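Worksheet: the structure to be examined is printed underneath.
Since every read-out is calculated from the coordinates, none of them should be taken as a lab result. Just so it is clear, the model here is predicted, and its values are computed rather than measured. We place every Cβ from the backbone using ideal geometry, glycine too, and count neighbours over all the protein chains shown.
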Amino acid sequence: MNVLITGASAGFGRAIAERLVHDGHTVFATARRKDKLDELSRQLGAKLVAFELDVRSREATAALVREIENGHGPIDALVNNAGLALGLGPAQTSSLDEWDTMIDTNIKGLVYMTHAALPAMVERDRGWVINLGSVAGTYPYPGGNVYGATKAFVHQFTLNLKADLVGKHVRVTSIEPGLCGGTEFSVTRFGGDEQKAATVYQGTQPITAADIAETVSWILSLPSHVNINTIEMMPTCQAPNAFAIARS
Ligand code: NDP
Ligand code: 8X3
């Protein structure tokens, strides 16, 4: 089948692209860093077609979906993976620009892609929308403020899509991972500080991008009467924490 992946230049998106090409699918790999996608295309061959895309652009997302459907065929599955966290400080000292970027990417970008790709899936009565949520959308943690809230949106948007699609063979899933290592996520969160990012994973065995790719591959292999609504994944070494209580 044909699978469009956002944020395929690194981390989960790249691993999902690799896995799905190995599964025999054609992957339309998108991200802002086209050079990284071209490198992936050289590695994986003609089954990976690279497109530069910033998901924050309403016009570019709609145009790309049209371009793919006209030039390469139907998009069977959309993996809304592009996303980021910026900062881990308390809300009262956070940057409004960083909040905007997270909202524009994690919420609006995901909504634009879904809005562009969904009608043709419904028309064909076949398709998948797989969204990357996070445990941060369910469990609050200090500094998670807007990032976690964007992922709560992803969770609820996925369930509301399911409600609209009832009876159609268009399946929707929110994958909600916890601590995942080996991606650029924490380096981006800490503004490029690789040392600080590395401390997040110290002494842990986090989930890997390959684990996420395996999950996507499994979802796409399920028979058409099965929809996985949400999957919450944590590494064995992680658990939700106790409530914080300030005592006098
Ligand atoms: P990475 O930082 O490794 O990769 C993020 C990807 O998103 C990159 O390919 C980047 O590409 C792309 N991206 C960012 N902004 C944009 C944009 N405006 N337009 C298009 N692409 C964009 O992160 P992960 O692989 O770790 O994370 C992937 C997803 O999974 C995110 O949505 C994240 O929130 C979520 N997640 C991650 C967890 C983790 O611990 N790693 C846990 C739970 C959820 P480029 O810069 O080239 O545009
Ligand atoms: C990424 C996982 O716990 O850093 O969504 O928010 S966490």
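Could you list Val146, Val200 in order of exposure, starting from the residue whose Cβ has the fewest other Cβ atoms within 10 Å?
Working: Val146 22, Val200 16.
Ranked by crowding around the Cβ, least crowded first: Val200, Val146.
Using the count of nearby Cβ atoms within 10 Å as a rough guide to exposure, how do Tyr141, Tyr147 rank from fewest to most?
Tyr141, Tyr147
Each listed q (0.12, 0.14, 0.16 Å⁻¹) maps to a log10 I(q)/I(0) for region 133-248, found by the Debye formula over equal Cα scatterers with no solvent: -0.53, -0.70, -0.88.
Using Cβ contacts closer than 10 Å as the measure, can you line up Phe157, Phe243 from fewest to most? Before the final figure, lay out each step's value.
Details: Phe157 20, Phe243 5.
In increasing order of surrounding Cβ atoms, one gets Phe243, Phe157.
Net charge dipole, the chain: roughly 260 debye, given to the nearest 20, about the Cα centre with Cβ charges of +1 for Lys and Arg and -1 for Asp and Glu.
Starting from the Cα-Cα distance between Gln238 and His22, subtract it from 0.36 nm times their residue separation and give me the gain in nm to one decimal. Provide the component values of the computation, followed by the final result.
Working: separation 216, 0.36 × 216 = 77.76 nm, distance 3.03 nm.
Stretched fully, the Gln238-His22 segment lengthens by 74.7 nm.
A dipole drawn for the chain from +1 and -1 charges on Cβ atoms has a positive end, and of Phe12, Trp218, Gly45 the residue lying farthest that way is Trp218.
With respect to the chain, whose longest principal axis is taken over its alpha-carbon atoms, helix 58-71 is tilted by about 30°. Annotation: amide H-H contacts under 5 Å for Val79 (H modelled 1.01 Å from N, sequence separation of 5 or more, or interchain): Leu4, Ile5, Thr6, Ile130.
Computed from Cα positions, the angle between helix 110-124 and the longest principal axis of the chain comes to roughly 30 degrees. The angle between the Cα long axis of helix 145-164 and the main principal axis of the chain comes to about 40°, on a 0 to 90 degree scale. Highest mean packing comes first when the peptides 127-137, 92-102 are listed by Cβ atoms within 10 Å, giving 127-137, 92-102. Note on the chain: with a GNM built from Cα contacts shorter than 10 Å, the maximum mean-square fluctuation among Ala163, Ala213, Ala85 falls on Ala163.
Taking Ala198, Ala15, Ala116 as the candidate residues, the one with maximal mean-square fluctuation in a Gaussian network model of the chain, Cα springs under 10 Å, is Ala198.
Using 0.36 nm per residue, how much length does the chain from Ala62 to Asp104 gain when fully extended, once their Cα-Cα distance is taken away?
Details: separation 42, 0.36 × 42 = 15.12 nm, distance 1.55 nm.
Length difference between fully extended and current span is 13.6 nm.
Using θ = phi - 60° in the Karplus curve 6.51 cos²θ - 1.76 cosθ + 1.60, the 3J(HN,Hα) couplings for region 85-91 round to 10, 10, x, 9, x, x, 3 Hz; x is entered for Gly and Pro. 3J(HN,Hα) along region 14-26, derived from phi through the Karplus expression 6.51 cos²θ - 1.76 cosθ + 1.60 where θ = phi - 60°, amounts to 5, 5, 5, 4, 4, 5, 6, 5, 5, 6, x, 7, 9 Hz, with x in place of Gly and Pro. Dividing the mean sequence gap of close Cα pairs (under 8 Å, 6+ apart) by how many residues region 2-233 holds gives a relative contact order of 21 percent.
In region 2-233, inverting the average of 1/r over every pair of distinct C-alpha atoms gives 17.8 Å as the Kirkwood radius.
Using the Cα coordinates of region 14-92, the gyration tensor eigenvalues translate into equivalent-ellipsoid semi-axes of 25, 17, 12 Å, sorted from longest to shortest. With the cut-off at 26 Å, tell me which of the pairs Lys108/Lys168; Lys47/Lys108; Lys36/Lys108; Lys36/Lys168 have Cα atoms farther apart than that. From the list (Lys108/Lys168; Lys47/Lys108; Lys36/Lys108; Lys36/Lys168), the Cα-Cα distance tops 26 Å for Lys47/Lys108; Lys36/Lys168.
Each residue of region 167-183 is assigned a 3J(HN,Hα), and the resulting list reads x, 8, 8, 10, 9, 10, 9, 10, 8, 10, x, x, 4, 10, x, x, 10 Hz, derived from the Karplus form 6.51 cos²θ - 1.76 cosθ + 1.60 (θ = phi - 60°), x at Gly and Pro.
Simple spin-label estimate for Ala210 and Ile228 gives 1.8 nm between the two label positions (7 Å along the Cα-to-Cβ direction from each Cα).
For Val122 and Trp218, what does the FRET efficiency come to when R0 = 41 Å and r is the distance between their Cβ atoms, rounded to the nearest 0.05?
Numbers: r = 24 Å, r/R0 = 0.58.
Step by step, r from the Cβ atoms, then E = 0.95.
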